[in-house]
Amino acid sequence: MSSLDLYYWTTPNGHKITIFLEEAGLPYNLYPIDINKGDQFTPEFLAISPNNRIPALVDPTANDGDKSLSIFESGAILEYLADKTGTFLPQSGAARYDVLQWLYWQIGGLGPMAGQNHHFSQYATEKIPYAINRYVNETSRLYGVLNKQLADKSFVTGEYSIADMASYPWIRSYEKQGQNLNDFPNVKAWFERMSARPAVIQAYAKADTMNSGSAVSEAGKLILFGQK
Ligand SMILES: N[C@@H](CCC(=O)N[C@@H](CS)C(=O)NCC(=O)O)C(=O)O
């Protein structure tokens, strides 16, 4: 199998894909798109990711082996990789839609709410209590939903799947989101289970070699938060 090309930065939506690739043992090349420096606006990147967001994936041998496919949006990439490999997503029936509904729950709920939470509590120059409360509370509500779902399961839909890979990177920064995992014991147990997986450890180790986690600079904030 030819190597896949992942256009990536060391953020939650990027980690989802490296977790999958490590879990599946697929060969891949990692192309850094430093979103704090504006790499997401180059014409080359926009050609594969028109929304100027990471991650994006290029599969040089999609379909019958001679066609290249490029894809953006982390949920679509996870679904594509799962179908390509026949892993981490049932191929049909109710079990498939169970995983997909939790994948879209993350894409449409947990990600955006935790993202805005992070923005208003960590980055906003003006601290707006209404916005902080709104997003911290909504994040809490979503953690509560996940906690209930995990009451009788080891993973989000029972079997380990792309739904777990999508949510985990967003829970990882729970402290910065104003959340205490002790309030969500099932999420806490799942989080510990996920954190111990060798593929997850490897995905974050790769991220550390690319970006040691320094704070976003003032110039980076202008690039990220000055978009119109
Ligand atoms: N819904 C998208 C969100 C992607 C996204 O927001 N990516 C962020 C990093 S986590 C990004 O590329 N930001 C660049 C920017 O804001 O210019 C997905 O799931 O792929």
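The values are calculated or read from the model by the stated rules, or taken from the named source; none is laboratory data. Please read all numbers here as calculations on a predicted model, not as lab measurements. Cβ sites come from the backbone with ideal geometry, for glycine too, and all protein chains shown count toward neighbours. These accessible areas exclude ligands, DNA and RNA; they are computed on the full protein's heavy atoms, side chains included. Shrake-Rupley method; radii C 1.70, N 1.55, O 1.52, S 1.80 Å.
Of note:
- Per-pair calculated FRET efficiency, R0 = 25 Å: LYS148 and ALA76 via Cβ, rounded to 0.05: 0.40
- Charge tally around GLN202: other residues with Cβ under 12 Å, Lys/Arg +1 each, Asp/Glu -1 each, net -1.
- Dipole in debye (nearest 20) - the chain, about Cα centre, beta carbon charges: Lys, Arg +1; Asp, Glu -1: 640
- Backbone phi angles across region 6-18, fed through the Karplus curve with coefficients 6.51, -1.76 and 1.60 (θ = phi - 60°), yield HN-Hα couplings of 10, 9, 8, 9, 7, 10, x, 5, x, 4, 3, 7, 5 Hz in residue order; Gly and Pro are listed as x.
- Dividing the helix sum by the residues of the chain, where each DSSP H run of 4 or more adds -39500 (n - 2.57), gives a mean residue ellipticity at 222 nm of -15500 deg cm²/dmol.
- Annotation: per residue accessible area for the chain equals 49 Å², rounded to a whole number [probe 1.4 Å, protein chains only].
- Label point at PHE225 placed 7 Å out along Cα→Cβ; residues across region 127-152 whose backbone nitrogen lies under 17 Å: 127-136
- Here the extension length gained between GLU126 and ARG141 equals 2.9 nm, from 0.36 nm per residue of separation less the Cα-Cα distance.
- In nm, spacing of pseudo-spin labels at LYS67 and ALA205 (7 Å Cα→C-beta vector): 3.8
- Among SER68, LEU103, SER217 the positive-end extreme of the charge dipole of the chain (Cβ point charges): SER217
- Solvent-accessible area, 1.4 Å probe, carbon plus sulfur percent, for the chain: 52
- Loop-located trypsin sites (Lys or Arg not before Pro) in region 110-159, at most 10 other Cβ atoms within 10 Å (DSSP): LYS127
- Intensity falloff of region 93-197 expressed as log10 I(q)/I(0), Debye formula with alpha-carbon point scatterers, at q = 0.11, 0.19, 0.21, 0.22 Å⁻¹: -0.33, -0.90, -1.06, -1.14
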